[in-house]
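The values are calculated or read from the model by the stated rules, or taken from the named source; none is laboratory data. Source: prediction; values computed, not measured. Cβ sites come from the backbone with ideal geometry, for glycine too, and all protein chains shown count toward neighbours. These accessible areas exclude ligands, DNA and RNA; they are computed on the full protein's heavy atoms, side chains included. Shrake-Rupley method; radii C 1.70, N 1.55, O 1.52, S 1.80 Å.
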Amino acid sequence: KKKSKKSRKTPEELAAEEENNKRYHEIGLEVMSLASTRWCTLHLKCTINVHLFFTVHVPVNETRLANIYDRIASRHGNSISDLTMYKDQVITSPGCSPTRMAGV
């Protein structure tokens, strides 16, 4: 019977394997961090046109009202001015700035 030699990997194969291991390790760390992140679902509606609404899922610890304001404005090429945001229902109190929300 012939004994088969154990094939040795080339330096390129070893480097590719090392890169794969590193990538999968980083993916594993990211999945573990996402598992501990609390998420929130925001339902955003336009009060002028009831057909304009969308839903976004955002991480609770990393999202502030200013981020939501910026996201809405950037979707419109930053051409929006006097954007007013309300929580739950439209109220007639003064509008809010990116750091304060009316009705909160």
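The table that follows gives values for the structure above.
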quantity	calculated
Cross-chain or 6+ apart pairs with Cβ under 6 Å, the stretch 34-47 first and closer than 9 Å to residue 58 by Cα, then surrounded by fewer than 11 Cβ atoms within 10 Å (Cβ to Cβ)	38/60; 39/57; 40/60; 41/57
Scan of the stretch 60-78 for residues that are in a loop (DSSP other than H, G, I, E, B) and open to solvent by less than 90 Å² (accessible area, probe 1.4 Å), ordered by number	63, 77
Lone qualifier among 25, 57 - being touching a Ser or Thr at 6+ places or on another chain (Cβ under 6 Å) and either surrounded by 11 or more Cβ atoms within 10 Å (Cβ to Cβ) or free of Cβ contacts under 8 Å to residues at least 24 places away in the same chain (or both)	57
